[in-house]
Amino acid sequence: MGMGIDLRDKLAKRAAEEIQNGMVVNLGIGIPSLVPNHLTEETMVMFHAENGITGMGPSPTKGEEDENLCNAGGFPVTLNKGGSYCDSAIAFGMIRRGRVDITILGSLQVSQKGDLANWIVPGKKVPGMGGAMELAQKARKVIVVMNHCDKNGKPKIVETCSLPLTSAGCVDLIITELAVFKVNEEGLLLTEMFAPYSLADVKSKTGCQFKIEEQIRKIPY
């Protein structure tokens with residue numbers, strides 16, 4: 001089941017809190033592409049895309065799209081002052097050299113150890129892995145933003161991923177419409193919950209064990 005725009009924006013806003021001045025940040029398609037809309041004008045960030053842009057700005061207003069300016073998912077973007085274009089080889093070189101501070105990605109599954117499965121469902125056609133493997137391995141921090149459960153109501157945060165992995169043990173933070181989890185050496189740590197959900201809601205919809213922060217932040221609806 002898909003999310004409405006208000007809920008998607010809420011998750012993107014929470015992900016934006018992880019970004020600090022001076023960072024180079026890569027955004028996946030879907031919810032991550034909304035993150036620039038939730039940064040203040042004072043936050044100086046260079047958003048990076050695998051198709052060869054560094055310095056993306058917020059999504060353009062309707063009617064102001066530039067057909068020659070899009071992100072890696074093909075959706076229209078703007079370019080901030082100081083932004084630049086390059087070819088995909090240089091864009092991927094930046095990733096592989098560890099020049100990306102944060103990548104914010106969607107996912108199909110995440111395990112309690114931080115394994116990421118976000119590129120294919122066996123038997124279904126996909127355009128390819130894109131930059132997911134390089135980003136998961138080389139970005140200094142990997143944030144996943146996704147639905148807590150799939151369209152059939154099954155947990156996407158699981159003990160062990162059943163789908164093919166993109167990368168093992170790479171995820172640092174998980175943000176869903178229910179909660180926020182940190183991933184550390186001991187597994188998952190629940191640190192935040194979105195209103196109006198309760199701890200019982202989170203436990204019932206999570207497919208693995210997790211520890212709970214002493215003081216859980218409650219994020220208003």
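Within the range 207-221, work out how many residues are open to solvent by 20 Å² or more (accessible area, probe 1.4 Å) and either without any contact (Cβ under 8 Å) to a residue 24 or more places away in the chain or within 14 Å of ILE157 (Cβ to Cβ) (or both).
The qualifying residues number 7.
Could we say that PRO164 is surrounded by fewer than 16 Cβ atoms within 10 Å (Cβ to Cβ), under 20 Å from the mean Cα position of the chain (by Cα) and not hydrophobic (A, V, I, L, M, F, W, C) here?
On the way: surrounded by fewer than 16 Cβ atoms within 10 Å (Cβ to Cβ): yes; under 20 Å from the mean Cα position of the chain (by Cα): yes; not hydrophobic (A, V, I, L, M, F, W, C): yes.
For PRO164, the condition - surrounded by fewer than 16 Cβ atoms within 10 Å (Cβ to Cβ), under 20 Å from the mean Cα position of the chain (by Cα) and not hydrophobic (A, V, I, L, M, F, W, C) - is met.
Would you check which residues across the range 194-206 are loosely packed, with under 13 Cβ neighbours inside 10 Å and in contact with a Lys or Arg (Cβ under 8 Å, 6 or more places away or on another chain) and list them?
Selection gives ALA195 alone.
Restricting to the range 167-193, name every residue that is open to solvent by less than 20 Å² (accessible area, probe 1.4 Å), out of contact with any Phe, Trp or Tyr (no Cβ under 9 Å at 6 or more places or on another chain) and not in a loop (DSSP other than H, G, I, E, B).
SER167, MET193
Would you say GLU214 is in a loop (DSSP other than H, G, I, E, B), over 18 Å from LYS141 (Cα atoms) and either touching a Gly at 6+ places or on another chain (Cβ under 9 Å) or not polar (S, T, N, Q) (or both)?
No: the conditions fail for GLU214.
Select from the range 151-161 the residues that are at pLDDT 95 or above, surrounded by fewer than 20 Cβ atoms within 10 Å (Cβ to Cβ) and not in a strand (DSSP E or B) and list them in ascending order.
Applying the first criterion (at pLDDT 95 or above) to the range 151-161 yields 153-161.
Restricting the remaining residues to those that are surrounded by fewer than 20 Cβ atoms within 10 Å (Cβ to Cβ) gives 153-155, 158-160.
Within the range 151-161, GLY153, LYS154, GLU159, THR160 meet the criteria.
Do we find a residue being over 15 Å from the mean Cα position of the chain (by Cα) and either over 30 Å from PRO220 (Cβ atoms) or crowded, with 17+ Cβ neighbours inside 10 Å (or both) anywhere in the range 9-22? Working first, answer last.
Going residue by residue through the range 9-22, those that are over 15 Å from the mean Cα position of the chain (by Cα) are 20-22.
If we keep only those that are either over 30 Å from PRO220 (Cβ atoms) or crowded, with 17+ Cβ neighbours inside 10 Å (or both) too, we end up with none.
No: the range 9-22 contains no residue that is over 15 Å from the mean Cα position of the chain (by Cα) and either over 30 Å from PRO220 (Cβ atoms) or crowded, with 17+ Cβ neighbours inside 10 Å (or both).
May I ask you to list pairs of residues, at least six apart or on different chains, whose Cβ atoms are under 6 Å apart, with the first in the range 144-171 being on the phi > 0 side of the Ramachandran plot and the second being open to solvent by 60 Å² or more (accessible area, probe 1.4 Å)?
These pairs meet every condition: GLY169/LYS113.
Please identify the pairs in which a residue from the range 174-188 that is in contact (Cβ under 8 Å) with a residue 40 or more places away in the chain has its Cβ atom under 7 Å from the Cβ atom of a residue that is among the hydroxyl-bearing types (Ser, Thr, Tyr) and assigned to a strand (DSSP E or B), counting only partners at least 6 apart or on another chain.
Partner pairs satisfying both residue conditions: VAL180/THR191.
Anything in the range 23-38 that is surrounded by fewer than 19 Cβ atoms within 10 Å (Cβ to Cβ) and either over 17 Å from GLY131 (Cα atoms) or free of Cβ contacts under 8 Å to residues at least 12 places away in the same chain (or both)? List them, or say none.
MET23, ASN37, HIS38, listed by residue number.
I'm told ASN118 meets every condition in (1) under 23 Å from ALA12 (Cβ atoms); (2) at pLDDT 95 or above; (3) not charged (D, E, K, R) except one. Can you identify the failing condition by its number?
ASN118 satisfies every listed condition except (2).
Taking into account only those residues within the range 75-108 that are β-branched (Val, Ile, Thr) and open to solvent by 30 Å² or more (accessible area, probe 1.4 Å), which is nearest to ALA139 (Cα to Cα)?
First, pick out the residues of the range 75-108 that are β-branched (Val, Ile, Thr): 77-78, 90, 95, 100, 102-104.
Now drop any that are not open to solvent by 30 Å² or more (accessible area, probe 1.4 Å), which leaves 78, 90.
Details: THR78: 23, ILE90: 15 Å.
By that ranking, first place goes to ILE90.
Determine whether GLY130 is modelled with pLDDT of 90 or more, part of a loop (DSSP other than H, G, I, E, B) and either hydroxyl-bearing (Ser, Thr, Tyr) or under 22 Å from CYS170 (Cα atoms) (or both). I'd like the intermediate steps shown before the answer.
Working: modelled with pLDDT of 90 or more: no; part of a loop (DSSP other than H, G, I, E, B): yes; either hydroxyl-bearing (Ser, Thr, Tyr) or under 22 Å from CYS170 (Cα atoms) (or both): yes.
No, not satisfied.
The values are calculated or read from the model by the stated rules, or taken from the named source; none is laboratory data. Just so you know, these numbers come straight off a predicted model, no measurement behind them. Every residue, glycine as well, gets a Cβ built from its backbone with ideal geometry; the counts of neighbours run over all protein chains shown. Just the protein is used for accessible areas: all its heavy atoms, side chains included, with ligands, DNA and RNA removed. Shrake-Rupley method; radii C 1.70, N 1.55, O 1.52, S 1.80 Å.
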